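Undergrad: Once you've had a glance at the structure underneath, I'll fire off some questions.
Read-outs: derived from the displayed coordinates by stated rules, not from any lab. Here the structure is a predicted model, which means the values were calculated and not measured. In this analysis, Cβ positions are derived from the backbone assuming ideal geometry, glycine residues included, and neighbour counts consider all displayed protein chains.
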Amino acid sequence: MMLLVAWYLQCLFLLVNKEFVVLVRRKQKLQESLHVMMVQLVFFALFFFAPLHIHACGGSTISIEGDEFWHMSKVLRLATDDRVELFDGKGGIVEGVVTATSRNSIHITAAGDVFHLSPVGPFWHVAAAFGSLKGGRGDWLIEKCTELGAKSVIPLLSKRSPSVSDGRNDRWNRVVTAATKQCQRLHSMVVRNPMDLSDILAEAGSYEAILLADACATSLGKGLPRVEVDWNGLLLIGPEGDFTEEEKEAIIKAGALPVGLGPRRLRVETAAIAMLSAVTLLGDSQCSTGT
């Protein structure tokens, strides 16, 4: 009887021990998976803007100061031997390794020569009357246009949106830099100085297509002309309350095609993002399929 009990306890111990080993292995695999995920997250975070230092060759030292230094050292707390990627916003990118830090700068040794990529079109320029938007809505428009690949954004001045607050362009450029790093685009979006509608229309000849957001027009999906890779297109989005009838007439006379964005009335920033998203997807589809 005692032997039977001992045998039973031994079997129970082995069973529990086996389950324990399985649990330990599962925990180890989970930890390994989490580690891989963290490495990937860190990799995507180590992408920094260095416009003045990008002309480096393999083995040269690049010193980073200012906002990027603060982000690297105080926020991410990079240390020696951490790997980073630096880009200049003009298509140049170089990989490097942190070799030293000081009170006001961080020093990176380039692992190779700078690699340059040319921009690929079509290129869409967004002219929207968003200068008077409040509550961060203008910042949101700039951020999303950057992420979606707009070539430039023009704060449009019209009769119902005649001005832009002082200092907004500086803030918008900081938003562009942050969004460019986040989405890892190599060519920075340009935020142009505010322009009157008449001045924008004076440049109409430099665009292969001009699309006007118009609630009463045919759907954009049906009205979009064939897009070519080397195109420059302009998207016009009016202010809250829309363009006046006189402004619409001038826009259409300049060669713009009115297009609809659906049955609902959209805010300025929503219309801009919806329009840019649609032309980007439709344009990419046309260019890739040749239709």
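Undergrad: With +1 on each Lys and Arg Cβ and -1 on each Asp and Glu Cβ, and nothing else charged, work out how big the dipole of the range 105-196 is about its Cα centre, in Debye to the nearest 20.
TA: My answer is approximately 340 debye.
Undergrad: For the range 47-116, what is the convex hull volume of the alpha-carbon atoms per residue, in Å³?
TA: Dividing the Cα hull volume of the range 47-116 by its residue count gives 69 Å³.
Undergrad: In addition: Can you put LYS90, LYS181, LYS74, LYS151 in order of Cβ neighbours within 10 angstrom, beginning with the fewest?
TA: Numbers: LYS90 13, LYS181 22, LYS74 9, LYS151 18.
The most exposed by this proxy come first: LYS74, LYS90, LYS151, LYS181.
Undergrad: Cut-off is 10 Å between beta-carbons; in what order do CYS145, CYS57, CYS216 appear when sorted fewest neighbours first?
TA: Ordered from fewest to most neighbouring Cβ atoms within 10 Å, CYS145, CYS57, CYS216 come out as CYS216, CYS57, CYS145.
Undergrad: Taking the Cβ of each residue in ASP81, ASP88 as the centre, tally the other Cβ atoms inside 10 Å and list the residues starting with the fewest.
TA: ASP81, ASP88
Undergrad: Using alpha-carbon positions, what is the distance between the centroids of the range 233-272 and the range 121-142, in Å?
TA: 13 Å
Undergrad: Then there's this: Please list the equivalent ellipsoid semi-axes of the range 126-172, computed as the square roots of five times the alpha-carbon gyration tensor eigenvalues, in descending order and whole angstrom.
TA: With the √(5λ) rule applied to the range 126-172, the semi-axes are 17, 12, 9 Å.
Undergrad: Taking the Cα centre of the range 123-289 as the origin, how large is its charge dipole in debye, to the nearest 20, when only Lys and Arg (+1) and Asp and Glu (-1) carry charge on their Cβ atoms?
TA: 520 debye
Undergrad: Work out the length of the dipole vector of the range 47-116 about its Cα centre, built from +1 on the beta-carbon of each Lys and Arg and -1 on the beta-carbon of each Asp and Glu, and round it to the nearest 20 debye.
TA: On the way: 5 positive and 9 negative charges, 37 e Å.
In total the dipole reaches around 180 debye.
Undergrad: Can you check what the net charge comes to around GLU249, using other residues whose Cβ is under 14 Å from the Cβ of GLU249 (Lys, Arg +1; Asp, Glu -1)?
TA: -2
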